[in-house]
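First up is the structure itself, then whatever we jot down about it.
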Amino acid sequence: MSTPDITSVSSIYDSIAQDFESHATQSVYNAHYDRPAVLSLLPPVQGKRVLDIGCGPGLYAAWLIEHGAQVVGFDISGEMVERARQRVGERGRFYQHDISQPLPFAADASFDIAVAPLMIHYVTARVAALREMARVLTTDGCLIVSTSHPFADWKRHGGSYFATELVQDTWYNSSSEAFQMPFWRVSLTTLCDEFSQAGFFIDQLLEPQPEPTAVEIDPETYRELMEQPAFIAFRLRKRKGA
């Protein structure tokens, strides 16, 4: 499969913005699994400048603002950016922007914390994107990243676990219409090496399990996630001199 056109990913998210917002707000995978994991890796955010990378409909931004952070967010999808603006109003600033390009609205060392939940696997030039994230962080800043777990990708798609390749998952909208979502699968070794190339070291690695509340919402998914991971999350910090 050829390199993905980031515009196509943007178009997909534009078309499913309403469905995605509903899903992300309440689903086990997002609300009771990934989001709690990412939030658990955050340091105290009161008074901190936080960059919300791939902000989606503003769910993280809302939480961060409620806990005293100053938030700037961006997303490749214009529809997602509008939903984030609607969610938090004037309390945050949001831009439509492609992480594959430099961040013109972010000066060097202008953020204390950055969050990048479930988005790095859409990026082809991941090391360059991660270096740009490092650039805008303070020396003692941190980046929280979550992504698809390499084991889960291998189990779904087979082939060589160690391959770096573009694959597709089948997603469904609220009308049960199927569509293909492209993303990059990489091994855990490759992912960690890319963090290092970008100037980060891993401060904490988390293979989350769902919150206990998830068992009442979707018992089958809860059981699956208690036994095998779907996502993986990292707290990254900048290496001295990087």
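What follows draws every value from the coordinates through simple rules; no lab data is involved. None of these values were measured; they are calculated from a predicted model. Here Cβ is always computed from backbone atoms with ideal geometry, including for glycine, and neighbour counts include all displayed protein chains.
Data table
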item	result
Reduced Cα scattering model of the range 42-195, Debye log10 I(q)/I(0), q = 0.10, 0.15 Å⁻¹	-0.39, -0.84
Qualifying aspartates and glutamates (Cα of each under 15 Å from Cα of Lys48; at least 8 residues distant if same chain)	Glu66, Asp112, Asp140
Where the Cα pairs of the range 157-242 fall when distances are cut into 5 Å bins, in %	3, 11, 13, 15, 20, 18, 12, 6, 2, 1, 0
Reciprocal of mean inverse Cα separation for the range 104-226 (Kirkwood radius, Å)	16.6 Å
The range 115-222: chymotrypsin sites (Phe, Trp or Tyr not before Pro) in DSSP loop, at most 12 other beta carbons within 10 Å	Phe162
Size descriptor, Kirkwood hydrodynamic radius, that averages inverse alpha-carbon separations across the range 1-115, Å	14.7 Å
